[in-house]
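The values are calculated or read from the model by the stated rules, or taken from the named source; none is laboratory data. Here the structure is a predicted model, which means the values were calculated and not measured. Glycine also receives a Cβ, built like all others from the backbone with ideal geometry; neighbour counts cover every protein chain displayed.
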Amino acid sequence: MAGTNERGFARLKVPVGPSHPALEEPARFIFDVEGEKVVGVDYEIGFNHRGIERLCQERPMPKVVYLVERICGICSHAHPLNHVERVEDIADIKVPERAKYIRTIYAELERVHSHMLWAGIAGEEIGYHTLFMYTWREREKIMDLLELLCGNRVNYGCNTIGGVKWNISEEQLRKALVTLEYLDKVADKVTKAVLKDSNIADRGAGVGELSKADAVRLGAVGPNARASGVPEDTRVMCKYAAYGEFDLEPQLATGGDVVAQAIVRLSELKQSVWLLRELFKNLPEGPIKTEFDEIPPGRSVGRVEAPRGELTHFVESNGSDFFERIKIRSPTLANIPSYVPKFIGCQVADIPIIAASIDPCFSCTDRITIIKDGRRRTVMKQQLKMGRV
Amino acid sequence: MSQKVSRMKRFEDVAPVIDSSHKGLNSYYYIAVDDLIEAAKFFLAEGARISMISGLDARDHLEVLYHFAIWGNIFTTIVKIPYEKPEIPTITSYFEAAILYERELIGLFGIDVKGIPDSRPLEIPPKYTDRLPPLRRA
């Protein structure tokens, strides 16, 4: 029969998404399948493009910090941290040591809650709901700690050009150390629950493999690359904020499959809890903000390690109150090409866990679309303000 | 630092540098569009990774900035292209990861990337044609 392989299976196209393809964010995958086996894949992103890079050029400088904070609900510290570091680099602003420590504390708390969120989602995708319930319950402790420190659970509003807004009091420090002691035990327990579990070993070992050569060739970043053995961690390489004060090792695994992804993220969880305790214990005294006059013309590009990997920002100022250009490359965009070797050869039933394994975040990746009378229109902020849509 | 300096000396042999500046971990080099492929080959041999490609509308011309990352440093190679003929060659033969960033340039800046294996604009709806690309100023 024409169009079939030697076992009699026809080659079919299976569209997955754009709505809810295993995760609550839009991305479209078109799989070529023969029977249960995936033999080809194409992807489409951009369903949530919000035009944030353009909006950044149309707002006065201090407001841009708030805007970049709202790019993503999980990396809501990594984006503004990178942005203010770029502006400080252009204007040569020296940030006080205490502010650097406080920025690092928020960055690590964000990593802990993001990795626990990932463990929960990964458990849910393979039917291990106990793990989902457990990690998300314990994740609330970190959210409570963040609320204690800054008053917010999602957008912390911590970064400002020249330092941070929220100081840490003695009482907050004492309470944080108690929570971190508890979280250290939780990290051990989650690691045991994931790596000693036979369900995860059965469903995850050898699923979504990525060789080190492919990871380098396709430009994978963050835990996704480290799970394939690429020893790149921006915290170690660039030593931004207070990371230069601590000796960190990139956490590595081999193979890049779901189990390797879990090993990397869970080791980082443990490492982050250790680092947080060190940061709180060694928090230097002093001011938390430097005053500055103006932002001169200049450009700066730099990277920070968001929970999902290397986040790159490019900022160009022209001496006015508005930025000339802001370009953002989120870690998920860099990780999308590595989906192709991961999916090819897998079973259709493994698609959700592979899609979730790289911890994708499409709100970071796509950055206003309005649907009116069934037509999609891309609009700008001024049009929205003037009621022309 | 000396390693960085010797690397850039070798780079200048490969692609003539029109203008350059350095600050902290970053270096910026303006080169001609014709030398872009040679620059890509150079950075591939040096073990660099393409971290990002940014487009920039400088009001009288367009600029494309290739941010190559080698460990903690970023070497930004910049090419200027005229409004009338916004064309650049693709570097996907050397850096496969560059394809999504080049597709962004096609969608958001209307730049023609010659030789790209997949020229669908990224992030922009297919019906968004015959209009000014979103990040162009005029």
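The table below gives the values:
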{"read-out": "Some residue of region A:208-221 being over 21 Å from the mean Cα position of the chain (by Cα) and polar (S, T, N, Q)", "value": "yes"}
{"read-out": "Checklist (1) surrounded by fewer than 20 Cβ atoms within 10 Å (Cβ to Cβ); (2) in contact with a helix residue (DSSP H, G or I) (Cβ under 7 Å, 6 or more places away or on another chain); (3) among the hydroxyl-bearing types (Ser, Thr, Tyr) applied to B:TYR30, failing item", "value": "(2)"}
{"read-out": "Residue identified as assigned to a loop (DSSP other than H, G, I, E, B) and hydrophobic (A, V, I, L, M, F, W, C) among A:ILE93, A:ILE121, A:ILE105", "value": "A:ILE93"}
{"read-out": "Condition check for A:MET143: of a type outside the set (Lys, Arg), touching a His at 6+ places or on another chain (Cβ under 8 Å) and surrounded by fewer than 18 Cβ atoms within 10 Å (Cβ to Cβ)", "value": "yes"}
{"read-out": "Counted residues, region A:340-362 - those being away from chain B (no Cβ under 14 Å), under 25 Å from A:GLU108 (Cα atoms) and either in a strand (DSSP E or B) or in contact with an Asp or Glu (Cβ under 6 Å, 6 or more places away or on another chain) (or both)", "value": "1"}
{"read-out": "Region A:35-85, residues that are within 11 Å of chain B (Cβ to nearest Cβ), among the polar types (S, T, N, Q) and in a helix (DSSP H, G or I)", "value": "A:GLN57"}
{"read-out": "Checklist (1) within 13 Å of chain B (Cβ to nearest Cβ); (2) over 30 Å from A:LYS175 (Cβ atoms) applied to A:LEU252, failing item", "value": "(1)"}
{"read-out": "Yes/no for A:LYS100 being surrounded by fewer than 16 Cβ atoms within 10 Å (Cβ to Cβ), among the basic types (Lys, Arg) and assigned to a helix (DSSP H, G or I)", "value": "no"}
{"read-out": "Condition check for A:ARG235: within 13 Å of chain B (Cβ to nearest Cβ), at pLDDT 90 or above and farther than 19 Å from A:LEU266 by Cβ", "value": "no"}
{"read-out": "In region B:104-129, residue surrounded by the most Cβ atoms within 10 Å (Cβ to Cβ) [restricted to those that are among the charged types (D, E, K, R) and at the interface with chain A (Cβ under 10 Å from one of its Cβ atoms)]", "value": "B:GLU104"}
{"read-out": "Answer from B:ILE70, B:ILE74, B:ILE78 - the residue that is buried (at least 23 other Cβ atoms within 10 Å of the Cβ) and within 11 Å of another protein chain (Cβ to nearest Cβ)", "value": "B:ILE74"}
{"read-out": "Boolean, A:LEU149 is crowded, with 18+ Cβ neighbours inside 10 Å, under 17 Å from A:LEU279 (Cα atoms) and in contact with a Lys or Arg (Cβ under 6 Å, 6 or more places away or on another chain)", "value": "no"}
{"read-out": "Residue match in region B:21-32 (condition: closer than 16 Å to B:THR92 by Cβ, at pLDDT 90 or above and more than 11 Å from the chain's Cα centre (by Cα))", "value": "no"}
{"read-out": "Strands (runs of 3 or more DSSP E) contained in region A:264-339 and holding at least 3 residues away from chain B (no Cβ under 11 Å) and closer than 22 Å to A:ASP184 by Cα", "value": "none"}
{"read-out": "Considering residues of region A:268-288 that are charged (D, E, K, R) and under 22 Å from A:ALA225 (Cβ atoms) only, the residue nearest to the chain's Cα centre (by Cα)", "value": "A:GLU268"}
{"read-out": "Selection count where residues are assigned to a strand (DSSP E or B) and either touching a strand residue (DSSP E or B) at 6+ places or on another chain (Cβ under 7 Å) or at the interface with chain A (Cβ under 8 Å from one of its Cβ atoms) (or both), scope region B:22-67", "value": "22"}
{"read-out": "Residues being more than 10 Å from the chain's Cα centre (by Cα) and more than 17 Å from B:ILE18 (Cα to Cα) - total across region B:59-108", "value": "26"}
{"read-out": "Region B:94-129: number of residues that are among the charged types (D, E, K, R), part of a helix (DSSP H, G or I) and in contact with a Pro (Cβ under 9 Å, 6 or more places away or on another chain)", "value": "3"}
{"read-out": "Residues of region A:132-159 classified as more than 25 Å from A:LYS100 (Cα to Cα) and either under 20 Å from the mean Cα position of the chain (by Cα) or modelled with pLDDT under 90 (or both), total", "value": "5"}
